[in-house]
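Q: Below are the structure tokens for one structure; questions will follow.
All of the numbers you see were taken from the coordinates with simple rules; none came from a lab. Predicted, not measured: the structure shown is a model, and the values here were computed from it. So basically every Cβ, Gly included, is an ideal-geometry build from the backbone, and we count neighbours across all protein chains shown.
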Amino acid sequence: MINIDKGISIILHDWLNVGKDELIHFITDEAHLREAEAISRWAYGADAVLKTTILNSQLVQKGDVIEGMTDIFCKEDVIIGATDFSFITTNAIRTAVRKGARFLSLPLSCSDGTSLLENDFIQMNPSVTYRDARRIINVMKGTKDVHVTTRKGTDLHFNIEGRTPGYFNGRAGRKGLIGSSSFEVFVAPNEDQTNGVLYLDASFGYIGLVKNTVKVVFENGRIVSAESEGGDGQKLLDYIASFNSENMYKAGELGIGLNRISKTRGVSYIEDESAFHTFHIGLGRNRGLGGRQDAAGHFDIVTNDPTITADGKLIMLDGEIAC
């Protein structure tokens, strides 16, 4: 564990390169007042201008309250989304970034009572993940079919024709950039063209660890079944149904974890989806990732040790980068 003030310094100094007199808008929720106090201390010492907004966390997940802040965002230098839920995929953030703001997605949800800013995985060196990301993207760009398998039986095809892969490694130090505390390569697959079977064995994202491997079947981009012993499959389906949004059943993102410090502990979904040796499927909204799909939210399901090819070219072998 690290000190929360050290965590804030990593975020604002190392990742965001916040300068004197820049306007920072820190958006958090009722569960994270300690983090709001820590950023206030940092901003005072750095002569930065801080504005803090405290929202209801459940409203953030649905996205409507964020979309209503578009005009405000466009007048700010740095926006930090530090609620329990990510809103990186909202149109409001895309608009603000196009107009020169920079944004960091910093979902603070932790199930063990710690602050995300106290967890060791945020100390991962962004330069190392940048090099790993470039290796993967150089193979993936311009391809059509990404094929993912695992030893447990996963066999999935994602159509990414015309879609541009990107990466997150914390950093968003210049105007017009989007950063995330999730260290990953990501691509938005073409809607309705993800097919096959996933043997989900690591994390459900927001709702914690997978206890019993879940067989998840995708047809034409959509989950059509999720089965397991012990009720984990039904847990996934019930959580998706709680959004009351049909597009939450659809694959909106294929992600590859790059953080070599992260572990899939079920404490922070950001740590889970960032973990090296894993890949994840983001369900629901993907407009901020290069897709066209809107939904009532976005969350990720994480699986261990993938073998990944793009148009037959090897990217990962049993969770290790092989390109």
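Q: Tally Lys and Arg at +1 and Asp and Glu at -1 over the other residues with C-beta under 9 Å from the C-beta of GLY221: what net charge comes out?
A: Working: positive: ARG222, LYS250; negative: GLU191, ASP192, GLU219.
Summing Lys/Arg as +1 and Asp/Glu as -1 gives -1.
Q: Further question on the same structure: Suppose the chain between ASP112 and ASP64 were pulled fully straight at 0.36 nm per residue; how much longer would it get relative to their current alpha carbon spacing? Walk me through the numbers before you get to the answer.
A: Numbers: separation 48, 0.36 × 48 = 17.28 nm, distance 2.82 nm.
Going from the current span to full extension adds 14.5 nm.
Q: What does the charge dipole of the chain about its Cα centre add up to, to the nearest 20 debye, if the Cβ of each Lys and Arg holds +1 and the Cβ of each Asp and Glu holds -1? Don't skip to the answer; put the middle values down first.
A: Details: 34 positive and 42 negative charges, 195 e Å.
The dipole magnitude comes to about 940 debye.
Q: Same structure, new question: Whole Å is fine, so just give me how far the alpha carbon centre of segment 64-126 lies from that of segment 283-323.
A: After rounding, the separation between the Cα centres reads 21 Å.
Q: Follow-up question, since we're still on this one. Per the Cauchy relation, a quarter of the hull surface: what is the mean projected area of the convex hull of the alpha carbons in the chain, in nm²? Don't skip to the end; give the middle numbers.
A: Working: hull surface 57.1 nm².
That works out to 14.3 nm², a quarter of the Cα hull's surface.
Q: Normalise the Debye intensity by I(0) for segment 236-323, one equal point scatterer per Cα, no solvent, then take log10 at q = 0.20 Å⁻¹ and round to two decimals.
A: -0.97
Q: How high is the relative contact order of segment 124-321, in percent, counting Cα pairs under 8 Å that sit 6 or more residues apart? Before the final figure, lay out each step's value.
A: Working: 537 pairs, mean separation 43.7, N = 198.
Relative contact order of segment 124-321: 22 percent.
Q: Please report, to one decimal in angstroms, the Kirkwood hydrodynamic radius of segment 49-174 built from all distinct Cα-Cα pairs.
A: Working: mean 1/r = 0.0577 Å⁻¹.
With all distinct Cα pairs of segment 49-174 included, I get 17.3 Å.
Q: Treating the angle as unsigned and between 0 and 90°, give the value, to the nearest 10°, between the Cα long axis of helix 232-241 and the longest Cα principal axis of the chain.
A: Approximately 60 degrees, to the nearest 10.
Q: Taking the dipole about the Cα centre of segment 194-287, with the C-beta of Lys and Arg at +1 and of Asp and Glu at -1, give me whichever of ASN244, ALA275, GLY231 is farthest to the positive side.
A: Comparing the listed Cα positions along the dipole, ALA275 ranks first.
Q: Here's something else I'd like to know. Using the Kirkwood formula over every pair of different C-alpha atoms, what hydrodynamic radius in Å results for segment 136-202? Before the final figure, lay out the partial values.
A: Values: mean 1/r = 0.0733 Å⁻¹.
One over the average 1/r among Cα pairs gives 13.6 Å for segment 136-202.
Q: Two-decimal Rg/Rh of segment 4-118 from alpha-carbon positions, Kirkwood Rh?
A: On the way: Rg = 13.2 Å, Rh = 14.1 Å.
Ratio value, two decimals: 0.94.
Q: Only Cα pairs under 8 Å and at least 6 apart count here; give the relative contact order of segment 1-139 as a rounded whole percent. Don't jump to the answer; show the numbers that get you there.
A: Details: 209 pairs, mean separation 37.6, N = 139.
After rounding, I find 27 percent.
Q: Mind listing the phi-derived Karplus ³J(HN,Hα) values for segment 166-172, rounded to whole Hz, using 6.51, -1.76 and 1.60 with θ = phi - 60°, and x for any glycine or proline?
A: Those phi angles translate into x, 8, 10, 8, x, 6, 8 Hz.
Q: Further question on the same structure: Where does each of 119-125, 108-114 land if you order them by average Cβ count within 10 Å, highest first?
A: Numbers: 119-125: 18.4, 108-114: 15.1.
Averaged packing, sorted descending, gives the order 119-125, 108-114.
Q: Please report, in whole Å³, the volume per residue of the convex hull around the C-alpha atoms of segment 150-296. Mind dumping the intermediate values first?
A: Numbers: hull volume 16.0 nm³, N = 147.
Measuring per residue, one finds 109 Å³ for the Cα hull of segment 150-296.
Q: With axes computed from alpha carbons, what is the tilt in degrees of helix 33-46 against the longest principal axis of the chain, rounded to the nearest 10 within 0 to 90?
A: 50
Q: For the chain, build the charge dipole from Cβ charges (+1 Lys, Arg; -1 Asp, Glu) around the Cα centre, then report which of ASN159, ALA101, GLY255 sits farthest towards its positive end.
A: Highest projection toward the positive end goes to ALA101.
Q: Right, another one. How much length is gained on full extension from LEU314 to LYS144, taking 0.36 nm per residue of separation minus their Cα-Cα distance? Numbers along the way, then the final one.
A: Numbers: separation 170, 0.36 × 170 = 61.20 nm, distance 1.38 nm.
So the extension gain works out to 59.8 nm.
Q: Here is a follow-up. Quote the charge dipole size of segment 162-221 about the Cα centre in Debye, to the nearest 20; the model charges only the Cβ of Lys and Arg (+1) and of Asp and Glu (-1).
A: Working: 6 positive and 5 negative charges, 79 e Å.
Computed charge dipole of segment 162-221: roughly 380 debye.
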